[in-house]
Amino acid sequence: MSRHLQKDVDSIHRRLLALFGVVEQMIDKAVRALCEQKVELAVEVIATDHQVNQAEVEIEEECLKILALHQPVAVDLRRVACVFKINSDIERIADLACNIAERAHCMHQQPYFPIPGELPMMAKQASRMVRMALDSFVEGDVELAKQVIQQDALVDKANLAVIEELQGLMKQDKTLVEPALHCFSASRHLERIADHAENIAEDVIYFVDGEIIRHRHGAEIYETGEM
C-alpha cells in the first residue's frame, strides 16, 4: 500500500469509527426514551440524524475518491469496499434509532403502558451485536464476526416474545392497542438493527478472508465448518 493510499484509508477508517460512536449513542438514547418515557432523549436522537446523514455521504465520497485515484487491489480494495458498505449499514442503524425515538415520542401520551420485559433485553443484545461487529472490523477478527452472526437468532427469538406479549395486551384491553402498535414497531426496528449488525459482520469476513457469505444460513455454515 502506498503512503498516500494508507493515509486516505486511515482517514476514512477514523471517520467511520467516529460515526459509529454517534450512532451507538443514538441507539442507547432511543431505547431509554422508549423504556423510561424520556421524551427529551427522543428529541435528541431525531435531531442527530442530519449529522449522521451528512457524515455518511462524506465517507461515501471519500471511498469513491480513493477508488478513482488509487485504484487499490486485493486486500486494500476489500478494505475500502468494506468501509463503503459498513458506512451504509451504520446510517441505516441511525435511521432505525430515529424510528424508535419517534415511537417513544408517540408513546409519551401513554405513560402507564407496560413495556414488555423482553424489550430492554432485546435492545441490549442488539446494541451488543453492533458493538461486536464494529470491534470485529477494527481488529480484523473473523471469530468475533461469526459470534455476531450466531447471536442474531437470539434477537429474533426475543422479538417474537415481545410480539406475543403485545398481542396478549391488545386482546385484554382495547385502549392499549395504539401504544402496543408503537411498541411493536420499536421491537421490529431493534430486530432490524441486529440484522444490520449481522451485515457488518459478514462484510468483515469478506474483508479478512475474501469470501462472500451473504445469504448463507448461519446454522448451516457452522454445522459444516465452512465459511
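Residue-wise test of (1) within 16 Å of the chain's Cα centre (by Cα); (2) surrounded by fewer than 21 Cβ atoms within 10 Å (Cβ to Cβ).
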| residue | (1), (2) |
| --- | --- |
| Phe20 | yes, no |
| Asp28 | yes, yes |
| Val39 | no, yes |
| Val45 | yes, no |
| Asp49 | yes, yes |
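Look at region 67-91: where a residue is at pLDDT below 95 and a partner is among the basic types (Lys, Arg), sitting 6+ places away or on another chain with Cβ atoms under 8 Å, you get Pro72/Arg79.
Considered as a group, the residues in region 51-84 that are surrounded by 17 or more Cβ atoms within 10 Å (Cβ to Cβ) and charged (D, E, K, R) include one that is nearest to the chain's Cα centre (by Cα), and that residue is Glu56. A count restricted to region 168-224 and to residues that are more than 26 Å from Leu134 (Cβ to Cβ) and modelled with pLDDT under 90 stands at 2. Of the residues Val142, Val208, Val204, the single one that is touching a Ser or Thr at 6+ places or on another chain (Cβ under 6 Å) and under 30 Å from Val73 (Cα atoms) is Val204. Among the residues of region 118-139, some residue qualifies, meaning at least one is under 19 Å from Val162 (Cα atoms), in contact with an Asp or Glu (Cβ under 8 Å, 6 or more places away or on another chain) and without any contact (Cβ under 8 Å) to a residue 60 or more places away in the chain. For region 150-159, the count of residues that are touching a Gly at 6+ places or on another chain (Cβ under 8 Å), among the acidic types (Asp, Glu) and within 30 Å of Arg14 (Cα to Cα) is nonzero.
Among the residues that make up region 116-124, is at least one of them crowded, with 17+ Cβ neighbours inside 10 Å, at pLDDT below 95 and within 11 Å of Val204 (Cα to Cα)? The answer is no; no qualifying residue exists. Taking region 33-60 as the range and being part of a loop (DSSP other than H, G, I, E, B) and out of contact with any helix residue (DSSP H, G or I) (no Cβ under 8 Å at 6 or more places or on another chain) as the test, only Glu36 passes. Just one of the listed residues (Ala30, Ala18) is of a type in the set (Gly, Ala, Ser), closer than 30 Å to Leu169 by Cα and assigned to a helix (DSSP H, G or I), and it is Ala30. The single residue among Glu102, Glu44, Glu58, Glu24 that is touching a residue at least 12 places away in the same chain (Cβ under 8 Å), out of contact with any Phe, Trp or Tyr (no Cβ under 9 Å at 6 or more places or on another chain) and more than 30 Å from Ala161 (Cβ to Cβ) turns out to be Glu58.
Filtering region 165-191 down to residues that are in contact with a Pro (Cβ under 9 Å, 6 or more places away or on another chain) and either part of a loop (DSSP other than H, G, I, E, B) or not small (Gly, Ala, Ser) (or both), which residue is surrounded by the fewest Cβ atoms within 10 Å (Cβ to Cβ)? It comes out as Leu169. Which one is surrounded by the most Cβ atoms within 10 Å (Cβ to Cβ), of the residues in region 85-112 that are more than 20 Å from Met26 (Cβ to Cβ) and polar (S, T, N, Q)? The extreme case among them is Gln110.
The values are calculated or read from the model by the stated rules, or taken from the named source; none is laboratory data. None of these values were measured; they are calculated from a predicted model. Neighbour counts are summed over all protein chains in view; Cβ atoms, including those assigned to glycine, are modelled from backbone coordinates with ideal geometry.
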